[in-house]
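Worksheet: one structure, shown below.
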């Protein structure tokens, strides 16, 4: 789904980030399913941002007070992604678990930005082996809290995804119900924080 950056409705704008860029990744399948759940829920304008579509260098320039308010001067190939993150009222990060943590691509995308996360809610949809990506989410919660985002308690985790999905759908019959719980909480925070940001600048 492409972005519509102008405000077209009173719905909050949800950006779903596909965090893995690894060859053979499963992230787009999970993100597509969750985007369908969000669209059926109806409380959001949904935009899926796939990190594989953008230039995201792993090396950042030296910090400078000139750019302190909004991270660093970014490569031109990142401009469209930055605009879509800017426009978000809420995020869902779709992440695998690599060696008990999350991908370098996702860390780089987060680190290249700052104000885009501030005073916005972030939820997590993870997948992996026996832990279902929960170790990755624990690390992400620490990082996003440092960036003044609000992390959502009830996420989605898919253990052993390689045997528990079929034809692009999770085999767990309760998955859609869990997704709705996440979306209800995320929508509440998105609406509350959007109003708060409009009324009062977030204290730096």
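The values are calculated or read from the model by the stated rules, or taken from the named source; none is laboratory data. All of these numbers come straight from a predicted model, not from anything done at the bench. Please note: Cβ atoms are built from the backbone with ideal geometry, for glycine as well, and neighbour counts cover all protein chains shown.
Residue 114 fulfils the conditions (1) modelled with pLDDT of 95 or more; (2) touching a helix residue (DSSP H, G or I) at 6+ places or on another chain (Cβ under 7 Å) except for a single criterion, (1). Pairs are defined by a Cβ separation below 6 Å, a sequence spacing of at least 6 or placement on different chains, a first member in region 163-187 that is without any contact (Cβ under 8 Å) to a residue 40 or more places away in the chain, and a second member that is not in a helix (DSSP H, G or I); the pairs so defined are 164/171; 178/156; 181/154.
For residue 183, the conditions (1) within 17 Å of residue 91 (Cβ to Cβ); (2) surrounded by 21 or more Cβ atoms within 10 Å (Cβ to Cβ); (3) in contact with a strand residue (DSSP E or B) (Cβ under 7 Å, 6 or more places away or on another chain) all hold with the exception of (3). Within region 117-146, residues that are at positive phi and outside any strand (DSSP E or B) have Cβ atoms under 6 Å from residues that are modelled with pLDDT under 95 and surrounded by fewer than 24 Cβ atoms within 10 Å (Cβ to Cβ) in these pairs: 119/202, counting only partners at least 6 apart in sequence or on another chain.
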